[in-house]
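Written below as structure tokens is the structure these notes are about.
Where a number appears in this text, it was derived from the coordinates with a stated rule and is not lab data. Keep in mind the model is a prediction, meaning the values are calculated, not measured. Don't worry about glycine lacking a Cβ; one is built from the backbone with ideal geometry, like all the others, and counts go over all protein chains shown.
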Amino acid sequence: MDAPLRPSAGDEPAPLDFGGAVLLVVAEIPPGRVMTYGDVAAALGSRGARAVGRVMALEGSSLPWWRVVRADARPPAGHEAEALEHYEQEATPLRWTGPRGEPDAYRLDLAACRWAPAD
DNA sequence: CAGTTGACAGTCC
DNA sequence: GGGACTGCCAACT
């Protein structure tokens with residue numbers, strides 16, 4: 001799947017809805033790697049980073065949602081501790097900025113684990 | 001059909 | 001380095 005979507009084709013609609021496309025991209029993210037919401041949206045040819053997050057909140061329950069992080073190198077809001085368990089399990093490069101007791105005391109090393117569909 | 005919401009991003013202070 | 005404001009896009013009420 002080199003070109004699952006046509007960002008500016010203007011003549012051929014996507015095979016799936018925006019939500020469906022998001023699910024496909026997120027499902028393609030390999031373990032130990034992460035993508036920002038903006039990157040996922042950009043991969044779809046859209047800029048709705050928030051729209052991507054909304055899809056994850058609804059359908060993400062069946063996907064590796066922890067592989068999709070914010071541009072702040074932070075995991076999804078309200079799921080920092082939950083995502084941390086997966087990061088340690090997949091050996092995702094993290095950067096601790098505080099005590100391990102704090103769930104939001106860590107940030108992802110996007111410089112090392114950032115991934116793209118074409119990579 | 002218009003307003004509100006939301007697992008966000010980029011820029012300015 | 002962190003906090004506040006604005007812009008985006010798609011779905012919900």
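Observations
- Mean sequence separation of contacting Cα pairs (under 8 Å, at least six apart), scaled by the length of region A:17-102, corresponds to a relative contact order of 31 percent.
- Here each label is just a point 7 Å from Cα along the line to Cβ, and for A:ARG47 and A:GLU80 those points are 3.0 nm apart.
- Subtracting the Cα-Cα distance of A:ASP72 and A:ALA105 from 0.36 nm times their residue separation leaves 10.6 nm of extension gain.
- Each listed q (0.11 Å⁻¹) maps to a log10 I(q)/I(0) for chain A, found by the Debye formula over equal Cα scatterers with no solvent: -0.36.
- Cut-off 14 Å between beta-carbons: net charge of the residues surrounding A:ALA57, Lys and Arg +1, Asp and Glu -1: +1
- Student exercise, region A:18-113 dipole from Lys, Arg, Asp, Glu Cβ charges, in Debye to nearest 20: 320 debye
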